[in-house]
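K.L.:
Pasting in a structure now, in structure tokens, and then I'll have a few things to ask.
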Amino acid sequence: MQITPIGPKFGAEIRGVTLKQVAADEGTYKDVRAAFEQHSVLVFRDQETDDEAQLAFTRKFGAGVTLHFDQALGSSEANTFDALLRAEYRWGW
């Protein structure tokens, strides 16, 4: 796995590993998690993934939450999405 900083203060590009590998392999996850803790933002380019693989990857970093936007959007149908709230907990947003 290669980690290349992309900004002077935060952010790094991760190469040589896929989202599926991070989700499936604990050692790979620990390496990526350490990079996340150091750089705060990680970029994984050119990933071939599906919904299940994306969810498996994000769940490694913590539980998601379902947010409801139906009232804010003025819609009678519930508009929801799963959001990983690591940034909120870490940075207090």
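K.L.:
Quick one: pull the percent of accessible area on segment 1-57 belonging to carbon and sulfur, 1.4 Å probe, ligands and nucleic acids left out.
P.N.:
48
K.L.:
Between E26 and F44, what is 0.36 nm times their sequence separation minus the Cα-Cα distance? Round to one decimal in nm. Before the final figure, lay out the partial values.
P.N.:
Working: separation 18, 0.36 × 18 = 6.48 nm, distance 1.78 nm.
Gain on extension, E26 to F44, equals 4.7 nm.
K.L.:
Quick check on segment 2-42: what does the Kirkwood estimate of hydrodynamic radius come out to from the alpha carbon pairs, in Å? Walk me through the numbers on the way to the answer.
P.N.:
Details: mean 1/r = 0.0975 Å⁻¹.
With all distinct Cα pairs of segment 2-42 included, I get 10.3 Å.
The values are calculated or read from the model by the stated rules, or taken from the named source; none is laboratory data. All values reported here derive from a predicted model rather than from experimental measurement. Calculation scope for accessible area: heavy atoms of the full protein, side chains included, ligands and nucleic acids excluded. Shrake-Rupley method; radii C 1.70, N 1.55, O 1.52, S 1.80 Å.
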